[in-house]
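Novice: Can you keep this structure in mind? I'll have questions shortly.
The values are calculated or read from the model by the stated rules, or taken from the named source; none is laboratory data. On a predicted model such as this, the values are computed, not experimentally measured, just so you know. Cβ: placed from backbone, ideal geometry, glycine included. Neighbour counts: every protein chain shown.
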Amino acid sequence: MLSENQAEDFFVNVLKFPNWKDVKGNNTAEFLKQILQRYQYFCYFHNQEMAATEPSCRRSPVEEDSVRNGLAGIGGVCIHQNSFMALILRTIGFDAFITAGNCLGSEVEGEGNHCMCVVKINEKEIYAIDVGCGQPVDGPIPLHNLPYSGFAGGFRYEYKHNEVTNRYERWQLDGTCFRGKFPDPTTTQLRYTFSLIPQEFGYFTESLVDIFTNADKSIFLTSPFLFRCLDLESEAGENGRRYILIFGASMVIYDNVNKEVTDFASYKELQPVIAKYFPKIEEAIVHKALDYFSNNGKPLILGRTA
């Protein structure tokens with residue numbers, strides 16, 4: 001557990017949320033929404049530290065990594081982001097825990113290749129929070145009131161409960177931001193699933209070994225992967241908040257309705273782009289990560305064809 005002073009420092013100095021206690025006291029759902037949106041804005045999802053680590057020094061994460069990254073606001077991948085979210089919420093009195101998910105389409109498929117944060121207000125009000133993936137969601141997912149849907153780049157996404165498997169699922173409908181509209185209008189794409197079984201951090205230390213160390217299988221050790229929101233809610237335009245996703249040598253910036261995709265000729269061309277849109281990541285770490293991706297012997301990946 002963190003101390004009250006550590007929690008206060010995180011809310012005030014990292015999330016820039018000085019009135020968090022007032023919001024929490026007045027409206028729990030609004031508080032969870034604001035903390036998620038501020039986390040998306042200030043604490044980036046990215047794989048730069050993973051890629052910049054010397055291959056001989058790579059290891060599966062431990063809880064101290066998550067706490068260090070969280071308190072410093074430097075971001076990371078799902079296990080860093082969502083486990084720290086659960087920890088900070090527990091520190092201020094919420095019933096919050098992490099649970100295992102399964103991201104589909106990864107070469108390291110299986111339970112535990114994704115980590116989710118779940119917040120239980122009471123038996124009839126339960127939310128999932130995911131600040132640890134490259135897919136947007138505008139607020140906590142009300143697991144007690146599904147389906148829950150939204151738009152990204154003009155395409156719908158939806159969360160629903162599968163009564164047969166008793167798992168929760170995120171589906172992409174219509175198309176995706178990089179690849180565009182699905183050729184067949186009836187096509188849907190299952191992105192990930194998760195359960196409500198609480199897990200300890202050590203569970204993920206075991207399940208994420210390949211993702212953190214195996215360059216032949218891990219999506220995070222193959223090419224750049226960064227995501228964040230570019231607006232706080234107060235800054236959002238008429239089409240909602242803007243997001244940026246960098247995957248491979250491609251970048252897409254989008255809101256609820258519109259999107260703009262840019263492809264680059266090399267990973268190293270991303271250095272000034274990352275410096276502009278992800279300024280909290282140290283330049284030396286980005287340089288080392290992009291150098292690794294440029295020299296790992298694998299073909300250049302473009303987001304629209306990956």
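Conditions (1) within 19 Å of the chain's Cα centre (by Cα); (2) assigned to a helix (DSSP H, G or I); (3) touching a residue at least 24 places away in the same chain (Cβ under 8 Å), marked per residue:
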site	(1), (2), (3)
ASP65	yes, yes, no
GLU109	yes, no, no
HIS161	no, no, no
VAL164	no, no, no
TRP171	yes, no, no
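Novice: Pick from GLY110, GLY101, GLY70, GLY134: which is on the phi > 0 side of the Ramachandran plot and not aromatic (Phe, Trp, Tyr)? Please lay out each step first, then the result.
Specialist: Working: GLY101 fails: on the phi > 0 side of the Ramachandran plot; GLY70 fails: on the phi > 0 side of the Ramachandran plot; GLY134 fails: on the phi > 0 side of the Ramachandran plot.
Exactly one of GLY110, GLY101, GLY70, GLY134 is on the phi > 0 side of the Ramachandran plot and not aromatic (Phe, Trp, Tyr), namely GLY110.
Novice: Please go through (1) modelled with pLDDT of 95 or more; (2) within 24 Å of ILE141 (Cβ to Cβ) for PRO224 and return the number of the only condition it doesn't satisfy.
Specialist: The number of the failed condition is (2).
Novice: Filter the range 115-137 for residues that are of a type in the set (D, E, K, R) and surrounded by fewer than 18 Cβ atoms within 10 Å (Cβ to Cβ) and give the result. It would help to see each step written out before you state the result.
Specialist: The initial filter retains those residues of the range 115-137 that are of a type in the set (D, E, K, R), namely 120, 123-125, 130.
Of everything in the range 115-137, those that are of a type in the set (D, E, K, R) and surrounded by fewer than 18 Cβ atoms within 10 Å (Cβ to Cβ) turn out to be LYS120, GLU123, LYS124, GLU125.
Novice: Does ALA249 meet the test of being surrounded by fewer than 16 Cβ atoms within 10 Å (Cβ to Cβ) and of a type in the set (A, V, I, L, M, F, W, C)? Talk me through it step by step, then tell me what you get.
Specialist: On the way: surrounded by fewer than 16 Cβ atoms within 10 Å (Cβ to Cβ): no; of a type in the set (A, V, I, L, M, F, W, C): yes.
Considered against the rule, which asks whether it is surrounded by fewer than 16 Cβ atoms within 10 Å (Cβ to Cβ) and of a type in the set (A, V, I, L, M, F, W, C), ALA249 comes out as no.
Novice: Could you list all residues from the range 260-303 that are surrounded by fewer than 18 Cβ atoms within 10 Å (Cβ to Cβ) and either hydroxyl-bearing (Ser, Thr, Tyr) or touching a Cys at 6+ places or on another chain (Cβ under 9 Å) (or both)?
Specialist: Across the range 260-303, the qualifying residues are THR262, SER266, TYR277, LYS280, SER294.
Novice: Ok, one more. Take ARG191 and decide whether it is at pLDDT below 95 and within 29 Å of GLU30 (Cβ to Cβ). Walk me through how you get there before you give the answer.
Specialist: Details: at pLDDT below 95: yes; within 29 Å of GLU30 (Cβ to Cβ): yes.
For ARG191, the condition - at pLDDT below 95 and within 29 Å of GLU30 (Cβ to Cβ) - is met.
Novice: Is it true that some residue in the range 167-182 is charged (D, E, K, R) and at positive phi? Break it down into steps so the answer makes sense when it comes.
Specialist: Taking the range 167-182 first, the residues charged (D, E, K, R) are 167, 169-170, 174, 179, 181.
So of that shortlist, the ones also at positive phi come out as 174.
Yes - at least one qualifying residue is present in the range 167-182.
Novice: How about the range 173-183: which of its residues are outside any loop (DSSP other than H, G, I, E, B) and either modelled with pLDDT of 95 or more or of a type outside the set (Gly, Ala, Ser) (or both)? Before you say what the answer is, go through the steps one by one.
Specialist: Going through the range 173-183, the residues outside any loop (DSSP other than H, G, I, E, B) turn out to be 173, 175-176, 180-181.
Within the range 173-183, LEU173, THR176, LYS181 qualify.
Novice: When the range 111-131 is examined, which residues are found to be under 17 Å from LYS33 (Cβ atoms) and outside any strand (DSSP E or B)?
Specialist: Listed by number, the residues that qualify are ASP130, VAL131.
Novice: Could you tell me whether GLY101 is crowded, with 20+ Cβ neighbours inside 10 Å, touching a residue at least 24 places away in the same chain (Cβ under 8 Å) and not in a helix (DSSP H, G or I)?
Specialist: Numbers: crowded, with 20+ Cβ neighbours inside 10 Å: yes; touching a residue at least 24 places away in the same chain (Cβ under 8 Å): yes; not in a helix (DSSP H, G or I): yes.
In short, yes.
Novice: Quick check on my filter: what residues within the range 184-216 are of a type outside the set (Val, Ile, Thr) and either touching a Pro at 6+ places or on another chain (Cβ under 9 Å) or in a helix (DSSP H, G or I) (or both)?
Specialist: Keep residues of the range 184-216 that are of a type outside the set (Val, Ile, Thr), which gives 184-185, 189-192, 194-196, 198-204, 206-208, 210, 212, 214-216.
PHE201, GLY202, TYR203, PHE204, GLU206, SER207, LEU208, ASP210, PHE212, ALA215 - these are the residues of the range 184-216 that are of a type outside the set (Val, Ile, Thr) and either touching a Pro at 6+ places or on another chain (Cβ under 9 Å) or in a helix (DSSP H, G or I) (or both).
Novice: Taking into account only those residues within the range 34-63 that are touching a residue at least 40 places away in the same chain (Cβ under 8 Å) and assigned to a loop (DSSP other than H, G, I, E, B), which is surrounded by the fewest Cβ atoms within 10 Å (Cβ to Cβ)?
Specialist: ARG59
Novice: What do you reckon, is ARG167 of a type in the set (Lys, Arg) and over 23 Å from LEU245 (Cβ atoms)? Steps first, please.
Specialist: Details: of a type in the set (Lys, Arg): yes; over 23 Å from LEU245 (Cβ atoms): yes.
When the stated conditions are applied, ARG167 passes them.
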